[in-house]
Amino acid sequence: MERVVVTGMGVASPLGCDLNEFWQGLSQGRSGVIALSDEQYADLPSRIGGVVNGYTESDYFDRKELRRTSRSSQLAILAASQAIAQAGLDSAEVEPREVGVVIGSSIGGFVASDPLFRDFYLHGKYSPLVIPISMNMGPSASVSIRYNFQGPLMNVDAACASAAHSIGTIYHMIRAGMLDIALAGGADSPFSRGIVMAWCAMKALSEHNEDPAHACRPFSADRDGLVLGEGAAVLVLESESSALRRGQPILAEIKGYGASSDSFHLTQPIQDGPVNAMRKALRDAGLQAEQIDYINAHGTATAWNDKNETAAIKAVFGEQAYRIPVVSNKSALGHSIAASGALEMVSCILTLRDKIVPPTINYTTPDPECDLDYVTYGARSLSVTNIMTNSFAFGGSNAVLIVGEYQ
């Protein structure tokens with residue numbers, strides 16, 4: 001079987017729209033969560049979010065493109081352009097018919113259609129653009145069309161695990177020899193009045209409006225819910241033989257993927273599903289628990305997830321769990337739904353590069369049920385070879401990836 005490597009990455013995030021800004025923000029412990037100042041959010045219980053920083057639509061798209069392209073698709077194109085450039089996919093040596101695109105998206109279509117349906121129900125206005133821009137297939141299709149990639153094209157929608165499953169799907173396709181190169185990742189934006197209110201109605205969101213930057217507090221006993229975020233991250237995955245043939249620098253290797261279902265509840269996780277996915281990923285990678293140096297957690301800052309994920313890590317790693325740094329990037333980025341697993345994968349690869357584990361920010365109060373090493377006092381220098389990254393979604397869909405140094 002082919003080894004699967006990463007040769008390009010790109011991001012659009014609340015900490016910036018290039019890899020350097022993104023990584024500096026994470027490693028320096030900055031928050032990208034801000035107040036949602038638009039009037040449409042003024043009367044909502046939660047008025048904060050991780051909004052993409054440094055992105056002006058008109059800098060990248062003309063008026064016609066903006067009318068036809070959801071914000072999730074725009075962010076996917078922005079991230080993909082960076083990854084394509086880094087991986088050299090704009091070279092004439094790359095055959096477009098052999099490049100696949102699988103970019104997960106889950107909620108951005110609802111956001112794109114929200115104002116259009118409002119116009120229909122309130123004013124009788126309708127638009128032929130509703131279906132094209134509201135498809136969760138939009139980010140993948142938009143990237144494929146813009147760059148003329150004609151390999152396998154699909155969207156993976158598994159809620160908060162969408163990006164991780166997208167990467168896992170391409171990982172298996174390349175490993176099996178079905179294709180040599182593909183773009184994989186996630187893109188999502190949950191910001192419209194109706195969608196934010198829907199999350200508020202579930203009592204899932206932090207209402208820490210007076211201090212947005214400190215609102216998302218994973219694993220801390222005073223956590224009070226997740227913070228919505230938006231963004232995109234796209235990675236170029238490639239067979240080792242293709243990367244070597246092209247002379248393309250290899251950033252990291254995808255070593256394992258595990259997927260499972262809780263089969264329990266639409267919004268409340270249980271331990272068994274995550275445990276199963278983590279064990280499958282270790283087995284797929286041919287690694288023992290003691291060979292994992294760092295865990296990038298799902299870490300949503302909800303009571304259900306944080307204690308459940310902590311218990312699952314202990315079940316898989318035993319006493320080793322207490323020596324492994326466990327970090328939630330969502331403390332700084334918010335929860336960007338389908339994009340979160342891809343943004344976190346990029347963070348993991350940058351950790352491999354620089355040997356720096358970013359902190360879990362905003363941790364203030366120990367929780368007896370969350371008693372692992374969450375790297376709460378700033379970034380940490382650490383010799384890292386293999387990283388596990390977790391994505392556990394509503395619906396009970398779990399995806400775990402293992403990424404490591406290419407040796």
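Quick notes on this structure:
- Among residues of the stretch 178-194 that are touching a residue at least 12 places away in the same chain (Cβ under 8 Å) and among the aromatic types (F, W, Y), those with a beta-carbon under 7 Å from a residue that is surrounded by 24 or more Cβ atoms within 10 Å (Cβ to Cβ) and outside any strand (DSSP E or B) at least six positions away or on a different chain give the pairs F191/E230.
- Selection over the stretch 390-407 of residues that are assigned to a strand (DSSP E or B), surrounded by fewer than 24 Cβ atoms within 10 Å (Cβ to Cβ) and among the hydroxyl-bearing types (S, T, Y) gives a count of 1.
- Among the conditions (1) among the hydrophobic types (A, V, I, L, M, F, W, C); (2) surrounded by fewer than 24 Cβ atoms within 10 Å (Cβ to Cβ); (3) in contact with an Asp or Glu (Cβ under 9 Å, 6 or more places away or on another chain), L333 misses just one, which is (2).
- E290 meets all of the listed conditions (1) crowded, with 17+ Cβ neighbours inside 10 Å; (2) touching a helix residue (DSSP H, G or I) at 6+ places or on another chain (Cβ under 7 Å) but one, namely (1).
- Residue check for S73: in contact with a Ser or Thr (Cβ under 9 Å, 6 or more places away or on another chain), touching a residue at least 12 places away in the same chain (Cβ under 8 Å) and within 28 Å of I174 (Cα to Cα): yes
- Residue match in the stretch 144-156 (condition: closer than 21 Å to T267 by Cα and not hydroxyl-bearing (S, T, Y)): yes
- Applying the condition of being surrounded by 24 or more Cβ atoms within 10 Å (Cβ to Cβ) and in contact with a strand residue (DSSP E or B) (Cβ under 7 Å, 6 or more places away or on another chain) to the stretch 172-189 and asking which residue is farthest from A259 (Cα to Cα) yields I181.
- Any hit, the stretch 296-311, residues being farther than 22 Å from A215 by Cα and not aromatic (F, W, Y): yes
- Of all the listed residues (R223, R217), the sole one being modelled with pLDDT of 95 or more, out of contact with any strand residue (DSSP E or B) (no Cβ under 9 Å at 6 or more places or on another chain) and either among the β-branched types (V, I, T) or in a loop (DSSP other than H, G, I, E, B) (or both) is R217.
The values are calculated or read from the model by the stated rules, or taken from the named source; none is laboratory data. A quick note: this is a predicted structure, and the numbers were derived from the prediction, not measured. Methodologically, a virtual Cβ is constructed for each residue, glycine included, from the backbone with ideal geometry; neighbour enumeration extends over all protein chains shown.
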